[in-house]
Amino acid sequence: KLMVKYISSGSSFEEKLGYSRALIKGDWAFVSGVTGYNYKTMDMPNNIAQQATNCFETIQSSLKEGGFSLSDTVRVQYTLTNSDLVDEIAPILKKYMGDIRPAATMIIANLMKPEMLVEIEITALKN
């Protein structure tokens, strides 16, 4: 039976809503949707590029804690609050995912709080 490792970023949302930032099971890592907060300070930048950068930094930290790296990403889902933001976020997505080229989905939808402009969810698989 495969052991499960639960990873927390310390976000108050995890406790309040009953989830883990990431879950590691065998060769798989499932990273929950991450928004643009700096989870150490709970500050939220007001632009999507900086929010996306914060998302990827949180994701990388969670993956590293589980023994993975961003390069293990096989699937990513982006949720943006407005399609007009795609051009602004594109350079950040290319910076972090351009060489990895995972399967990807982008959805336009409302997020939990009005200051949230993007949420990024990742699934990773070791070789």
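The values are calculated or read from the model by the stated rules, or taken from the named source; none is laboratory data. Only a predicted model underlies this, so the values are computations on that prediction, with no experimental measurement involved. All Cβ positions, even for glycine, are placed from backbone atoms using ideal geometry, and neighbour counts span all protein chains on display. The accessibility values were calculated without ligands, DNA or RNA, using every heavy atom of the protein model including side chains. Shrake-Rupley method; radii C 1.70, N 1.55, O 1.52, S 1.80 Å.
For every residue, the table says whether it meets (1) within 23 Å of Tyr6 (Cα to Cα); (2) open to solvent by less than 30 Å² (accessible area, probe 1.4 Å); (3) in contact with a strand residue (DSSP E or B) (Cβ under 8 Å, 6 or more places away or on another chain); (4) β-branched (Val, Ile, Thr).
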site	(1), (2), (3), (4)
Ser20	yes, no, yes, no
Gln60	yes, no, no, no
Glu65	yes, no, yes, no
Phe68	yes, yes, yes, no
Leu93	no, yes, yes, no
Met97	no, yes, yes, no
Ile100	no, no, yes, yes
Ala104	no, no, yes, no
Glu119	yes, no, yes, no
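Consider the stretch 80-104 and keep the residues that are touching a Lys or Arg at 6+ places or on another chain (Cβ under 8 Å) and assigned to a strand (DSSP E or B). The one that is nearest to Gly33 (Cα to Cα) is Ala104. Against the list (1) out of contact with any Asp or Glu (no Cβ under 8 Å at 6 or more places or on another chain); (2) over 18 Å from Leu125 (Cβ atoms), the condition Ile59 fails is (2). Output yes when any residue across the stretch 71-79 is part of a loop (DSSP other than H, G, I, E, B), among the polar types (S, T, N, Q) and within 28 Å of Gly26 (Cα to Cα), and no when none is. Scanning the stretch 71-79, I find no residue that is part of a loop (DSSP other than H, G, I, E, B), among the polar types (S, T, N, Q) and within 28 Å of Gly26 (Cα to Cα), so the answer is no. Any chance the stretch 28-44 includes a residue that's open to solvent by 80 Å² or more (accessible area, probe 1.4 Å), farther than 19 Å from Ala124 by Cβ and over 11 Å from the mean Cα position of the chain (by Cα)? Yes: one or more hits.
Within the option set Ala52, Ala22, being of a type in the set (A, V, I, L, M, F, W, C), touching a residue at least 40 places away in the same chain (Cβ under 8 Å), in contact with an Asp or Glu (Cβ under 8 Å, 6 or more places away or on another chain) and closer than 26 Å to Ile108 by Cβ holds for one residue only, Ala22.
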